[in-house]
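Each remark here refers to the structure printed beneath this line.
The values are calculated or read from the model by the stated rules, or taken from the named source; none is laboratory data. Not measured: the values here are computed from a predicted model. Note that each Cβ is placed from the backbone with ideal geometry, even for glycine, and that neighbours are counted across all protein chains shown.
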Amino acid sequence: MKINLFLIILVCLMSCQSSNNTSNSPAAADTIARVSNTRDNNGCVTTAGYTWSQLKKDCIRPFEVGVTLEILNTANTYQTAAHILIDSTQKKAEIFVPDEDDSIILEQSTDSTFTNGKFNLTRENYCWTLSLNTIKLFQERQ
């Protein structure tokens, strides 16, 4: 019985033995990949979803602070959304559309319309619609 107990303890101690497989080579030590922090001209980290807001004069994530407009015609594009910010004190709207590098500022022309001559942002039935000339591109979900 004492021999069995001795063998069990011996096996337990042997199984807990640590293995020293450490390597001092630089290739083995440097295996963590760096995450890129790509920044735009204003210092916004674009890889984290930040972009420069001309209205707020700061880096923002439009999908967090803006109103999301969904694309109306998905047949010809993989893009799904545009985002808008509205500043009632400046009477301006800022739009973030997928195909533009920078945001676009629209001036308020009526209580429910912002425009720059090319893009039109209108509010009908409590929902925003973004049009390019007369073609409706994006609309807020009801």
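Being among the acidic types (Asp, Glu) and modelled with pLDDT of 90 or more, is that true of even one residue in the stretch 70-78? Checked the stretch 70-78: at least one residue is among the acidic types (Asp, Glu) and modelled with pLDDT of 90 or more. Listed by position, the strands (runs of 3 or more DSSP E) inside the stretch 56-126 whose residues that are free of Cβ contacts under 8 Å to residues at least 40 places away in the same chain number at least 2 are 58-60, 81-87, 92-96, 104-110, 113-115, 119-124.
Return yes or no: is Asn125 on the phi > 0 side of the Ramachandran plot, of a type outside the set (Val, Ile, Thr) and over 23 Å from the mean Cα position of the chain (by Cα)?
Values: on the phi > 0 side of the Ramachandran plot: yes; of a type outside the set (Val, Ile, Thr): yes; over 23 Å from the mean Cα position of the chain (by Cα): yes.
Considered against the rule, which asks whether it is on the phi > 0 side of the Ramachandran plot, of a type outside the set (Val, Ile, Thr) and over 23 Å from the mean Cα position of the chain (by Cα), Asn125 comes out as yes.
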